[in-house]
Structures are given as C-alpha cells and as structure tokens.
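Written below as structure tokens is the structure these notes are about.
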Amino acid sequence: MDEKIQLIYADLGDVWLQTETLVSQLQQRGYSWEESYQAVNDAVKSGELVGSSSNDGFYRLNN
C-alpha cells in the first residue's frame, strides 16, 4: 500500500474523494503534480483505491 495515500485517508477518514482532491492533498504534502497523479493512478490500478459504483471519479480506500 502507498503510504502517501494512506496518510490522506488517515487525516480525512473513510470518505469518497475525487481524483483531483487526492492529487491536491498530495501536492499540499510536498509532492509534485506528476508524483501525486502517478501515486493515485497506481493506487487505483493496484486496488488500494476503489471507485464509486456510479463511476464518477470518486475513490476511497479498499478496506
């Protein structure tokens, strides 16, 4: 699991977040846009993040 993604959800709780919000949260923690976007993309591909059933760009941790 990606520690960067885990820290966002540790701070915000078990909520649905848009891709842009996840990227923004990582950027606020000092990561570049590229690093942030790649971390989110990798977390989705690995199954660490799951999308909402309506496929609207919202994700949460796959608990």
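Some points to look at:
- Computed over protein heavy atoms with a 1.4 Å probe, the carbon and sulfur contribution to the accessible area of the range 1-47 reaches 47%.
- Calculated accessible area for the chain comes out at 63 Å² per residue, all protein chains present (probe 1.4 Å; ligands, DNA, RNA ignored).
- Descending semi-axes in whole angstrom, ellipsoid equivalent of the chain, from the Cα gyration tensor: 17, 12, 11
- Sum of side-chain charges, residue 2 neighbourhood, beta-carbon under 10 Å (Lys, Arg +1; Asp, Glu -1): -2
- Under Karplus coefficients 6.51, -1.76 and 1.60, residue-wise ³J(HN,Hα) of the range 52-60 in Hz, glycine/proline x: 5, 5, 8, 6, 9, x, 9, 9, 8
- For residue 16, distant residues with modelled amide H under 5 Å away: none
The values are calculated or read from the model by the stated rules, or taken from the named source; none is laboratory data. Everything quoted here is computed from the prediction, not taken from an experiment. Using ideal geometry, Cβ is built from the backbone for each residue, glycine included, and neighbour counts are taken over all protein chains shown. These area figures cover heavy atoms from the full protein model, side chains too; ligands, DNA and RNA do not enter into them. Shrake-Rupley method; radii C 1.70, N 1.55, O 1.52, S 1.80 Å.
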